[in-house]
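The structure appears below as structure tokens.
Any read-out appearing in this document is the output of simple, stated calculations on the displayed coordinates, not a laboratory observation. The model shown is predicted, which means the values in this text are computed figures rather than measured ones. Methodologically, a virtual Cβ is constructed for each residue, glycine included, from the backbone with ideal geometry; neighbour enumeration extends over all protein chains shown.
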Amino acid sequence: QDLGTEIHVAGPPPMLSRLANDKLWFGDVAQRLLGSGATPEKRAAYSASALTRHVAELAQKHARLVVKLPDSAGSAGNFIVVARDVRGLSPGLLKDRLLKKLSLAGCESRFPMLVEVWDANVVANPSVQMWIPRIAEGPPVIEGIFEQALSGDRAAFAGAAPAHLPQHVETALCQDAFRLATLFQKLGYFGRCSFDTVVTGEHGTADTVHWIECNARWGGVSVPMTLVNRLTLKGRMPHYVIVQSESSGFSPLPFSKALQEFSDLALSPDIQTGVLFLSPNLIEAGLGTHFVAFGRDQKRASASAKAVLQRLQASD
């Protein structure tokens, strides 16, 4: 308005974006559209007493639970509950323990909270990357399926690489992601969207897909993925690994110096080898790093990513 010109945003309406990012809303939609087994068992707690009751009941049947702040990004506000540590506690003692964990997670007065069964026998953590156009421009597009790298007790996002899954799992992911995205499109959603899942199975076999959450935004995978898709020649898609480390594990480093330090890993003209750094502010502030490492095959791309992290740590 101040500039007197229109600004177009490639994103959904704010209210729909908030709903899609809400893990409780998304879980309900996934169950209603895909079936009751589409998500792990989960419950909404609208008070500390309800949270205590749900944790106590679910801990009798499952080994681990996770308590989540439904509208948080990534793992913010998450904490794990190990069932054997809480079974047999009195309601009062369990409530005190949960309130302490909520306080440490920074969400002691935030309700509702989500109590979810933590899946066992996990064999993969795929994320389906979608582009949802306006209805008049065609159906939703699946632009990639990525295996996520998770770190820490809260399973925080740490990076990703193009997934290599059994055909039946990939087919199931694509079919259900398309159904979810089509529903979102009919609700008025427009823009980037991704769906995080967990694949479980006995003895390492991939049998069951659980839909965990929706990321109604551009993020740590979609931005570099889109950049790679736009820059690479058709039919010459590279092997690459996305690394996102947001921690104080590295000393602050001017970005110009970082480019000099890693000049031997400069991105090749054909975008098949080398390293592409993103988010320079993380490196300059010493808050971590965000980059894409390329290689002639997936093994060499992973090795390149590890080498960058090792050299950043060695520079401390």
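Between 0 and 90 degrees, rounded to the nearest ten: what's the tilt of helix 48-59 against the longest Cα principal axis of the chain? Tilt relative to the chain: about 90 degrees. Taking T273, T182, T171 as the candidate residues, the one with maximal mean-square fluctuation in a Gaussian network model of the chain, Cα springs under 10 Å, is T171.
Only the Cβ atoms of Lys and Arg (+1) and of Asp and Glu (-1) were treated as charged; on that basis the dipole of region 54-174 about its Cα centre amounts to roughly 600 debye. Basic side chains Lys and Arg get +1 at the Cβ, acidic Asp and Glu get -1 at the Cβ, and with that the dipole of the chain about its Cα centre reaches some 440 debye.
Built from the Cα atoms of region 102-233, the convex hull projects on average onto 10.0 nm², one quarter of its surface area. Each 5 Å bin from 0 upward holds the following percent of the Cα-Cα pairs of region 1-103: 2, 10, 17, 19, 16, 11, 8, 5, 4, 3, 2, 2, 0.
Averaging the Cα positions of each part gives two centres, and for region 281-316 and region 90-104 these lie 39 Å apart. Toward the positive end of the charge dipole of the chain, with +1 on the Cβ of Lys and Arg and -1 on the Cβ of Asp and Glu, the farthest Cα among V117, G77, L276 is that of V117. Once all Cα-Cα distances of region 35-93 are split into 5 Å bins that start at 0, what whole-number percent is in each one? Taking every Cα pair in region 35-93, the percentages come to 4, 16, 26, 27, 18, 7, 2, 0. Dipole magnitude for region 1-99: computed about the Cα centre from +1 point charges on Lys and Arg Cβ and -1 point charges on Asp and Glu Cβ, it is near 660 debye. Between D270 and H8, the simple label model (points 7 Å from Cα in the Cβ direction) yields a spacing of 3.5 nm.
Taking every lysine pair in the chain that is 8 or more places apart or spans two chains, those with Cα atoms closer than 27 Å amount to 21. Normalised size of region 253-299, defined as Cα radius of gyration per 2.2 N^0.38 Å with N residues, equals 1.19.
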